[in-house]
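Okay, so here's the structure we're looking at.
The values are calculated or read from the model by the stated rules, or taken from the named source; none is laboratory data. These numbers were taken from a predicted model, which means no experiment stands behind them. Cβ sites come from the backbone with ideal geometry, for glycine too, and all protein chains shown count toward neighbours.
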Amino acid sequence: MATTAGKAAIAWGAGEPLSIEDVEVAPPQAHEVRIQIYHTGVCHTGKYAYTLSGKDPEGAFPVVLGHEGAGIVESVGDGVINVKPGDHVIALYTPECRDCKFCKSGKTNLCGKIRATQGKGVMPDGTSRFKARGQDIFHFMGTSTFTQYTVVADISVVAVTPKAPTDRACLLGCGITTGYGAAVVTAKIEEGSNVAVFGAGCVGLSVIQGAVKNKASSIIVVDINDQKESWARGFGATDFVNPTKLQGKSIQEKLIEMTDGGCDYTFDCTGNVGVMRAALEACHKGWGQSIIIGVAAAGQEISTRPFQLVTGRVWKGCAFGGIKGRSQLPDLVEDYLNGKLKVDEFITHRETLATINTAFEQMKQGDCIRCVVDM
Ligand code: NAD
Ligand code: DAO
Ligand code: ZN
């Protein structure tokens, strides 16, 4: 197999816009897969801002970012048996080896197999497959989807039905699966529950989808942006509260009042540690659970009075919704095709690789749920 040439959006240094340029992508080694990326979403994660700020200890430059991508397998290295050239695939920033202590535990979707090298921005053998301007370029989150060709570990990719267009399926690589999984797999919301969702972006709207699927009886959405009310109600929210308009009452007091003592489940989909505290304290005494999904800024810490937990509230969190990518993502894609999971509705903006920086600008505006980039 030969090196492939393509274009990629490269982050050369902290604070710089991505630079679109030629990249050489080396052939996949044993247990690696080279994917032609057709589409990638631009997740609103603070992780990009964190990495691009230069403060991320796992953020090495130059790097090809991107973790919400779908495409077609171009070639595979020795020993790859889970995908083959021509397969339609979604890249997985949460791999699934099925062999490590985490995978075998039955208690988590986190996988330890390539965690160390993924965090260092290299392939499991410690080297990079990307080269530009004659220099090695780092990988990102084991996926690097802001490129026409990427190489990932075979445990970091899942084949899905080719019936699902890659410009939609890519969004199942992060935001939608994260919120939906948090509600259905991590919280396992029961019928009749009352639920509060803080933050109605792609992740929060997807929590609403999961709460609707599990027949929650009330779904209260909390967002500081009034434009999000119609989005939230469109996905099935029963109530909307803007916490900046409560005239002295805290959002936790308001939610406790609205739910006769507190929520059964709350979800932080903002990444704001003050919101995380409010979400925990809005839970019902004795059993309410608060799930942290948002990624907080560098150095931030959460706090509450320990008595909140002594009296039965539960604080937990999840990555990728608790979903095991290789085992569970193909079914979510089928659910999408069968009209059981909304995906198209999240796409508010589209760009091309040449204009990918515009997607980062759109992220700062309140009307962008997801921008899909045509590679
Ligand atoms: P987004 O920016 O599109 O949505 C965030 C929403 O929160 C916005 O509607 C915003 O108005 C609202 N918000 C901001 N501050 C608020 C406040 N103080 N009170 C109430 N609402 C507030 O982002 P997104 O793509 O939906 O992602 C949400 C979070 O989830 C981010 O922190 C992201 O990093 C994180 N995330 C986590 C995982 C994971 O696996 N845990 C995966 C993907 C994204
Ligand atoms: O430590 O095993 C691990 C996994 C760390 C990755 C978790 C990522 C969760 C947040 C993702 C934000 C969106 C990109
Ligand atoms: Zn594993």
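Please pick out the residue among Arg350, Arg326, Arg313, Arg370 that is in the same structural domain as Ala200 (by TED's automatic domain parsing), modelled with pLDDT of 95 or more and basic (Lys, Arg).
Every option except Arg313 fails the conditions.
Could you tell me whether the range 349-357 includes any residue that is among the charged types (D, E, K, R), farther than 17 Å from Ile208 by Cβ, in contact with a helix residue (DSSP H, G or I) (Cβ under 6 Å, 6 or more places away or on another chain) and surrounded by fewer than 23 Cβ atoms within 10 Å (Cβ to Cβ)?
yes
Can you name every residue in the range 246-255 that is surrounded by fewer than 20 Cβ atoms within 10 Å (Cβ to Cβ) and touching a residue at least 24 places away in the same chain (Cβ under 8 Å)?
Scanning the range 246-255 gives a single hit, Ser250.
Which of the numbered conditions does Ala159 fail, given that it passes all the others? Conditions: (1) touching a residue at least 40 places away in the same chain (Cβ under 8 Å); (2) out of contact with any strand residue (DSSP E or B) (no Cβ under 6 Å at 6 or more places or on another chain); (3) surrounded by fewer than 22 Cβ atoms within 10 Å (Cβ to Cβ).
(2)
Which of the helices (runs of 4 or more DSSP H) contained wholly in the range 269-375 include at least 1 residues that are in contact (Cβ under 8 Å) with a residue 12 or more places away in the chain and of a type in the set (A, V, I, L, M)?
By residue number, 273-281, 325-337, 356-363.
For a quick check of your reading: which helices (runs of 4 or more DSSP H) sit entirely within the range 167-238 and have at least 3 residues that are under 30 Å from Gly142 (Cβ atoms) and at pLDDT 95 or above?
So the answer is 175-181, 202-213.
Within the range 194-220, track down each residue that is over 18 Å from Gly175 (Cβ atoms) and either in contact (Cβ under 8 Å) with a residue 60 or more places away in the chain or within 16 Å of ligand 2 (Cβ to nearest atom) (or both).
Asn194, Val195, Ala196
Filter the range 79-98 down to residues that are of a type outside the set (A, V, I, L, M) and either within 6 Å of ligand 3 (Cβ to nearest atom) or under 22 Å from the mean Cα position of the chain (by Cα) (or both), then give me how many there are.
Total satisfying the criteria: 7.
Under 8 Å between Cβ atoms, which residue pairs at least 6 apart in sequence (or on different chains) link something in the range 77-105 that is aromatic (Phe, Trp, Tyr) with a partner that is more than 16 Å from ligand 1 (Cβ to nearest atom)?
Phe102/Gly112
Determine whether Thr150 is polar (S, T, N, Q), in contact (Cβ under 8 Å) with a residue 12 or more places away in the chain, assigned to a strand (DSSP E or B) and not assigned by TED's automatic domain parsing to the domain that holds Met276.
yes
Residues are listed down the side, and each one gets a yes or a no for (1) outside the structural domain of Leu65 (by TED's automatic domain parsing); (2) surrounded by 21 or more Cβ atoms within 10 Å (Cβ to Cβ); (3) touching a Pro at 6+ places or on another chain (Cβ under 8 Å); (4) under 21 Å from Cys371 (Cα atoms):
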| position | (1), (2), (3), (4) |
| --- | --- |
| Ala200 | yes, yes, no, yes |
| Ile224 | yes, no, yes, no |
| Pro243 | yes, no, no, no |
| Met258 | yes, no, no, no |
| Thr270 | yes, yes, no, yes |
| Val273 | yes, no, no, no |
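In the range 129-147, which residues are surrounded by fewer than 19 Cβ atoms within 10 Å (Cβ to Cβ) and either assigned to a loop (DSSP other than H, G, I, E, B) or charged (D, E, K, R) (or both)?
Passing the criteria: Lys131, Arg133, Gly134, Asp136.
Show the residue pairs that are 6+ apart or on different chains and have beta-carbon atoms under 6 Å apart, the first residue being within the range 39-57 and closer than 16 Å to His349 by Cβ, the second being in a loop (DSSP other than H, G, I, E, B).
That search, which allows pairs on different chains as well, returns Thr40/Gly66; Thr40/Glu68; Thr40/Thr145; Gly41/Glu68; Cys43/Glu68; Cys43/Cys174; His44/Gly201.
For the range 112-123, state whether one or more residues are more than 15 Å from ligand 2 (Cβ to nearest atom) and in contact (Cβ under 8 Å) with a residue 24 or more places away in the chain.
Yes.
Can you work out which of the residues in the range 45-89 that are away from ligand 2 (no atom under 13 Å from the Cβ), under 14 Å from Gly13 (Cβ atoms) and not aliphatic (A, V, I, L, M) is surrounded by the most Cβ atoms within 10 Å (Cβ to Cβ)?
Once the filter is applied, the top-ranked residue is Pro62.
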